[in-house]
Amino acid sequence: MEGNMNLTLKVWRQKNSNSEGRFETYDVKGISEDMSFLEMFDVLNERLITEGTEPVAFDHDCREGICGMCSMYINGQPHGPNRGVTTCQLHMRSFKNGDTITVEPWRAKAFPVIKDLAVNRSSFDRIISAGGFVSVNTGNAQDANALPIAKPDADEAFMAAACIGCGACVAACKNASAMLFTSAKISQLALLPQGQAERSIRAEKMVAQMDEEGFGACTNTGACEAECPKGISLENIARMNREYFSAVLTSK
Ligand code: SF4
Ligand code: FES
């Protein structure tokens, strides 16, 4: 049924990274259970703008579960209550009429709040810039099948490459560790022939950058894997540790 939900939202409002934040309470009425969580926020923001109030700032781009922008902590869980979905793919049918929903930004030192629910995740970009790429000479593309790749390796690399860089793993972790993200990015290249030339230096540099950004250590609680919307496995962290130690032991 259209427009059948009335909800109470407790939303974190914060002007910028230097100001103190606080929860504000809003009643939202006439929400369809077919709306996405972000569309529900669009309804709230249209009303706030009509009332001459600042709309709630939140990140979004694709709204298809691809870009990783829609970072929100919903009722104590990154991306809300459902497994394997991002906030933009979370539908209001996952909530009940009359519910109170608490929405907060990711909380981690390395993800400072820009405004309200939007945080700065450029620390992730700097980890990628440190080594999450393959250097190639430009020219014609290689023939297809010129580099045979075993199916299990291709599958594992593909699963690691599913990471969308959303940061839910960091938000879920009590240590604000970025190991699941970094290990996915290291793994997707370490498993493929194209990633071999820079394999050691990549692991060393990306782990060093991760530490420099102020992310915490991993204590194997597994919250990251449980909350990751793309099902990135903890096995990637074990692989990253192997990659890192082998790189350190063999470097001059
Ligand atoms: S590992 Fe999962 S939770 Fe972490 S950034 Fe990648 S997709 Fe998001
Ligand atoms: S807006 Fe792109 S993943 Fe949600």
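Each Cα pair under 8 Å and six or more residues apart adds its separation to the average, and for the chain the resulting relative contact order is 19 percent. Take every pair of alpha-carbon atoms less than 8 Å apart whose residues are at least six positions apart; their mean separation over the length of region 4-115 yields a relative contact order of 34 percent. Mean residue ellipticity, 222 nm, helices only, the chain: the sum of -39500 (n - 2.57) across DSSP H runs of n ≥ 4, divided by residue count and rounded to 500, is -10000 deg cm²/dmol. Approximating the spin labels as points 7 Å out from Cα along Cα→Cβ, the Asp34-to-Glu20 distance works out to 4.5 nm.
Let me know the shape class of region 4-115, please: from the alpha-carbon gyration tensor, a ≥ b ≥ c as square roots of the eigenvalues, rounded when a/c is under 1.5, otherwise prolate if a/b is greater than b/c, or oblate. Judged from the Cα gyration tensor, region 4-115 comes out oblate (a/c at least 1.5, b/c at or above a/b). Among Asp34, Asp99, Asp59, the ranking by other beta carbons within 10 Å of each residue's beta carbon, starting with the fewest, stands as Asp34, Asp99, Asp59. Using a Gaussian network model of the chain in which every pair of alpha carbons under 10 angstrom is joined by a spring, one finds that among Asn120, Asn137, Asn45 the greatest mean-square fluctuation is at Asn137.
With 10 angstrom as the radius, rank Ile127, Ile164 by how many other C-beta atoms surround their C-beta, starting from the fewest.
Details: Ile127 26, Ile164 21.
Fewest-to-most ranking of Ile127, Ile164: Ile164, Ile127.
Near Met72, once Lys and Arg are set to +1 and Asp and Glu to -1 for all other residues with Cβ below 12 Å from its Cβ, the sum equals -2. Overall form of the chain: prolate. Here a/c, set by the Cα gyration tensor axes a ≥ b ≥ c, is 1.5 or more, and a/b is the larger of a/b and b/c.
Evaluate the relative contact order of region 122-251 (contact order divided by residue number), counting alpha-carbon pairs under 8 angstrom at least 6 apart; express in whole percent. Let's see the in-between values first.
Values: 159 pairs, mean separation 44.3, N = 130.
It comes to 34 percent, rounded to a whole number.
Residues considered: Thr182, Thr102, Thr86. Largest GNM mean-square fluctuation over the chain, using C-alpha springs under 10 Å, is found at Thr102.
Rule-based calculations on the coordinates, nothing more; no lab input. These numbers come from a predicted model, not from an experiment. Glycine also receives a Cβ, built like all others from the backbone with ideal geometry; neighbour counts cover every protein chain displayed.
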